[in-house]
Amino acid sequence: MTARPATQILVLNPTTCDGRGLCAEAAPGLVDLDEWGFPLLTGGGLRADIPGERLAEARDAVHACPALALHLESAARHRR
Amino acid sequence: MTIATTDAAERLGLSLRSSLAVHLAEHGHLPASRGRHGSVAGSLVDEVERSGLRGRGGGWFPTAVKLRAVVESSAARGRLSTTRRPVVIGNGMEGEPASGKDAMLLAASPHLVLDGISAAAHAIGATEAYLAVHRGSHLVPGLLAALAERAEATVDEIPIRLVTPPARYVASEESALAHWVGEGLATPVHDRRPFQSGAGGRPTLVQNVETLAHLALIARNGGPWFAGVGSPAAPGTTMVSVGGAVAAPGVVEVPTGTSVASILDRCGGPTADVTGFLTGGYGGAWVPTAGFAATPWDPDSVRAAGGVIGASVLWAVGPDTCPLHEMARVAAWMAGETAGQCGPCAFGLPSVRDDVHLLAVRRAGAGDADRLRARLGLISNRGGCKHPDGTARFLATGLAAFPDEVAAHLAGRCSFGSTRPGSPSSLPVPEARLASTDVNGRDFA
């Protein structure tokens, strides 16, 4: 693992997500929707590094989610 | 490579059903307890570390690491915390339809498994201990009788309770099992692992029953004894569920690292030209026949050969069976086994089920096959548990292992004369569920 500057990670809880799709409207490109209407993060998993210049959009996505399925986490935190 | 004698290879006593008296005559009592937090308890964890024991439920995770994680999670809580003391759950759920090892072990040597639960509970200071098998399992009467024998003889420091969660595939997953014991709902939990916060919020150790049986022998004989046979990176013996095109399908116990060919020979050898193997179970991987017979049966070697040892299922597909039909049957069942919690699983599995069905019945075009491959990539790494990932791997490796058959089906032909339900090497698929998803988990209570 290479060292990188402190960054934020967008984290999706898939069991909480209902597929409303508001995250993709709030942050197009950071969050896309799959064919069933569920969020696809950059890299395809449940966690995506957010570049500093796009942090505001990621925050919008977090706050847009009616199911509270998204949150931002500092990369400094331990990763499971 | 370690070559073991037949005697050294059979440790788990699978040939007879042991009463407590027979069990104690054979193995003796567990080494005496010397207080819950005494040095002896700690020394079992050290002994397990020396043994190199890895979990036999499918993940092959180092058992000592898991034991320590529970102990540390418990120690990190305040002394007055009501959720400080750990819980132990013996996992005898065996959700893989092609696996039979756990049922065989629990029928033949229940006391070895129960000893393992007792020893693990003592080692980590647990105050609650459970053994879980599928609701309605034929094992229940025998296990209740075994527990009654132990209560009578007061062999367990804390009582072990038999619990019977619903017989759902994902209910075997360790977080689902802890969820069921704590809250009565056997759905997987995504955001915390059982060792951190499991049953009732307590640190929870979930171990496969075969792992616990090995642990009971390590408690008596020591780690170096355990590591005396098998592959150095995953030592000991392992049970293997062997099925399909072999003369005598069943469960065998062999040292890890035994070749696939030797395992098949233990089961009477192949009955026909084997066209491919399914390894690990329905969340496992298909491998083409060529060269696989020489593969040592241990996690690293099987993985290097393109397979997955998983729950130690080895299934040989014979020339009477179309692998694409097998994939379609299994995919339909796996789609019905979703807990319905996550979109990529609840919607993605029925979609790939439909795609592989079209392929099996020779109604798929090249575009359908491409869409199936794309969807398999899309449903992995996005669920709260590994159910969609396992199903995707099962299907993706199947498509890769049988490219000629995929091409034949796309051209409207089947090399195997289409399906023959009930053929000897046809995979076991339980009765399909009509309600494929139940987002409220009613089916899981």
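Kindly express, to the nearest 10 degrees and within the range 0 to 90, the angle between helix B:140-153's C-alpha long axis and the longest C-alpha principal axis of chain B.
Here the helix axis deviates by roughly 10 degrees.
Hey, what does the equivalent ellipsoid look like for the range B:6-228, semi-axes from the Cα gyration tensor as sqrt of 5 times each eigenvalue, largest first, whole Å? Let's see the in-between values first.
Working: eigenvalues 113, 91, 55 Å².
Output for the range B:6-228: semi-axes of 24, 21, 17 Å.
Compute the acute angle (0 to 90°) between the alpha-carbon long axis of helix B:174-183 and the principal axis of greatest extent of the alpha-carbon atoms of chain B; round to the nearest 10°.
60
Mind pulling the angle between the C-alpha long axis of helix B:110-124 and the longest principal axis of chain B? Nearest 10 degrees, somewhere in 0 to 90.
60
Percent of Cα-Cα pairs more than 38 Å apart in the protein assembly as shown, please.
That fraction is 30 percent.
How large is log10 I(q)/I(0) at q = 0.16, 0.21, 0.26 Å⁻¹ when the Debye formula is applied to the Cα atoms of the range A:8-74, each weighted equally and without solvent?
-0.41, -0.73, -1.19
Note down the Stokes-Einstein diffusion coefficient of the range B:323-444 in µm²/s, whole number, using a Kirkwood radius over alpha carbon pairs, 25 °C, and 0.890 mPa s. Walk me through the numbers on the way to the answer.
Values: Rh = 14.7 Å.
It diffuses with D of about 167 µm²/s by this estimate.
How big is the C-alpha Rg of chain B next to the rule-of-thumb value 2.2 N^0.38 Å, as a ratio?
In units of the globular-protein estimate, chain B measures up at 0.98.
Give the span of the range B:258-369's Cα atoms along each principal axis, as three whole-Å numbers ordered largest to smallest.
41, 31, 22
Going by a ≥ b ≥ c, the root eigenvalues of the Cα gyration tensor, does the range B:238-317 fall in the rounded group (a/c under 1.5), the prolate group (a/b larger than b/c) or the oblate group? The partial results should precede the final answer.
Details: a/c = 1.38, a/b = 1.15, b/c = 1.20.
Note, shape of the range B:238-317 comes out rounded.
For the charge dipole of the protein assembly as shown, defined by +1 on Lys and Arg C-beta atoms and -1 on Asp and Glu C-beta atoms about the Cα centroid, which residue among B:Ala219, B:Gln196, B:Val317 has the Cα displaced farthest towards the positive pole?
B:Gln196
If you count, for each residue, the other Cβ atoms within 10 Å and average over each peptide, how do B:252-264, B:287-299 line up from highest to lowest? Could you put the intermediate results ahead of the total?
Working: B:252-264: 22.2, B:287-299: 18.1.
In descending order of packing, they fall as B:252-264, B:287-299.
Tell me what chain B gives for mean residue ellipticity at 222 nm when only DSSP H runs of n ≥ 4 count, each as -39,500 (n - 2.57), the sum divided by the residue total, rounded to 500 deg cm²/dmol. Spell out each step's value before the answer.
On the way: 18 runs with 182 residues, N = 445.
The helix-only estimate for chain B comes to -12000 deg cm²/dmol at 222 nm.
Provide the per-residue ³J(HN,Hα) series for the range B:267-277, in order, calculated from phi with Karplus coefficients 6.51, -1.76, 1.60 and θ = phi - 60°, each as a whole number of Hz, with x at glycine and proline positions.
9, x, x, x, 9, 7, 5, 6, 8, x, 10
Would you mind giving the average projected area, over all directions, of the Cα convex hull of the range B:193-351 in nm² with one decimal?
On the way: hull surface 46.9 nm².
Averaged projected hull area, Cα only: 11.7 nm².
Quick one: putting +1 on the C-beta of Lys and Arg, -1 on the C-beta of Asp and Glu, what dipole do you get for the protein assembly as shown around its Cα centre, in Debye to the nearest 20?
Values: 46 positive and 49 negative charges, 186 e Å.
Value, rounded to 20: 900 debye.
Bin width 10 Å, origin at 0, all Cα-Cα pairs of the range B:95-180: what percent of pairs per bin?
Bins of 10 Å from zero give 16, 49, 32, 3 percent of pairs.
Each value in this text was obtained by applying a stated rule to the coordinates, not by laboratory testing. None of these values were measured; they are calculated from a predicted model. Every residue, glycine as well, gets a Cβ built from its backbone with ideal geometry; the counts of neighbours run over all protein chains shown.
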